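Presented below is the structure to which this report refers.
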Amino acid sequence: MAHRGFRIVRDTGAVPATPQPVTPDPPEPIARPLLTQSWLDLTFVHWAADPADVAPLLPPGAVPDTLDGVTYVGLVAFRMHRVGWLRLPGVPYLGNFPETNVRLYSVDDHGRRGVVFLSLDASRLVPVLVGRLGFGMPYVWSRMRVRHLDGRTVTYTASRRWPGPRGAGTRLTVRRGEAVAEPTELEHFLTARWGMHGVFFGRPMYLPNAHPRWPLYRAELLECAEDLVAAAGLPAPGGAPVSVLYSPGVPARFGRPARPAGIPTP
């Protein structure tokens with residue numbers, strides 16, 4: 001499968017342990033975070049995906065996480081706010097920017113559920129360089145904007161600058177609907193994710209996170225023009241998404257990364 005701008009890691013064939021249950025609250029608190037940030041004005045757009053298409057894009061030790069035999073690809077647009085290291089206050093300018101990511105759903109050999117980012121478009125060049133060069137994450141520098149059209153309608157736009165493919169991007173417009181009193185099984189599966197699988201410094205790692213319960217709203221997708229999913233090496237989504245959700249956001253904390261054996265790094 002040809003793929004520009006992202007490293008493909010072939011599935012190792014590992015069989016995961018029984019996946020941990022999907023819970024609305026993090027399994028463990030993070031008392032001493034390495035990284036803090038807030039995610040604001042989020043829109044989650046999801047399509048069903050074939051696990052066979054997803055498996056080659058996951059890091060070693062992780063396989064597609066499925067619900068009733070189906071996995072999902074997510075396009076998540078939001079505003080990053082006040083990114084900070086350790087217990088230092090968040091950075092007011094460089095730590096505030098729009099971001100849009102393409103993500104997959106994964107489970108590892110220890111049953112830890114998480115997400116895998118295929119791309120993270122951001123509008124600030126310095127965080128993009130830090131993410132790419134410092135941590136090997138697939139950040140992309142893009143022109144981006146989040147605009148509230150009224151009290152219920154939000155538009156997200158992105159157009160890639162570097163490293164490309166230049167001009168790829170998104171234009172999403174959603175209208176917030178009713179609050180979700182009790183998320184469905186699928187809504188829990190797509191949003192209650194307490195870690196990230198990836199390759200950091202050349203080694204597979206799991207990075208845990210914690211945040212309050214999502215305040216979720218169902219949303220109507222008024223406009224969706226995007227080619228980031230195909231740019232990430234997946235088939236372009238066909239048909240309407242299976243889930244569209246909006247959240248005003250949550251503060252998040254990231255803990256120390258853990259090796260595949262489950263041992264935190266020093």
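The values are calculated or read from the model by the stated rules, or taken from the named source; none is laboratory data. Owing to the predicted nature of the structure, the values given are computational and were not obtained by experimental measurement. Note that we place each Cβ from the backbone using ideal geometry, even for glycine, and neighbour counts take in every protein chain shown.
Counting the residues of the range 124-156 that are under 16 Å from the mean Cα position of the chain (by Cα), of a type outside the set (Ser, Thr, Tyr) and assigned to a strand (DSSP E or B) gives 1. Any chance the range 8-27 includes a residue that's at pLDDT below 95, part of a strand (DSSP E or B) and either under 24 Å from Gly111 (Cβ atoms) or hydrophobic (A, V, I, L, M, F, W, C) (or both)? Within the range 8-27, not a single residue is at pLDDT below 95, part of a strand (DSSP E or B) and either under 24 Å from Gly111 (Cβ atoms) or hydrophobic (A, V, I, L, M, F, W, C) (or both). Could you list all residues from the range 27-78 that are surrounded by 21 or more Cβ atoms within 10 Å (Cβ to Cβ), of a type in the set (Gly, Ala, Ser) and under 22 Å from Ala236 (Cβ atoms)? Listed by number, the residues that qualify are Ala49, Gly74, Ala77. Residues that are assigned to a strand (DSSP E or B) and either free of Cβ contacts under 8 Å to residues at least 12 places away in the same chain or among the hydrophobic types (A, V, I, L, M, F, W, C) (or both) within the range 157-169 comprise Ala158, Trp162, listed in sequence order. The residues of the range 124-170 that are over 16 Å from Asn101 (Cα atoms) and among the β-branched types (Val, Ile, Thr), listed by number, are Val126, Val130, Thr153, Val154. Here the condition is being in a helix (DSSP H, G or I) and touching a residue at least 12 places away in the same chain (Cβ under 8 Å); of Val54, Val83, it holds for Val54 alone. Mind listing whichever residues of the range 181-226 are closer than 30 Å to Leu149 by Cβ, buried (at least 18 other Cβ atoms within 10 Å of the Cβ) and either without any contact (Cβ under 8 Å) to a residue 24 or more places away in the chain or of a type in the set (A, V, I, L, M) (or both)? Leu190, Leu216, Ala219 - these are the residues of the range 181-226 that are closer than 30 Å to Leu149 by Cβ, buried (at least 18 other Cβ atoms within 10 Å of the Cβ) and either without any contact (Cβ under 8 Å) to a residue 24 or more places away in the chain or of a type in the set (A, V, I, L, M) (or both).
Take Val229 and tell me if it is surrounded by fewer than 20 Cβ atoms within 10 Å (Cβ to Cβ) and modelled with pLDDT of 95 or more. Judged against the criteria, Val229 is not a match. Among residues that are farther than 19 Å from Tyr139 by Cα and either modelled with pLDDT of 90 or more or of a type in the set (S, T, N, Q) (or both), Ala55 is included. Contact annotation: residue pairs with Cβ atoms under 7 Å, 6 or more positions apart or on different chains, pairing a residue in the range 109-126 that is in contact (Cβ under 8 Å) with a residue 60 or more places away in the chain with a partner that is among the aromatic types (Phe, Trp, Tyr), are Arg112/Tyr206; Gly114/Tyr206; Val115/Tyr105; Leu118/Phe6; Ser119/Phe6.
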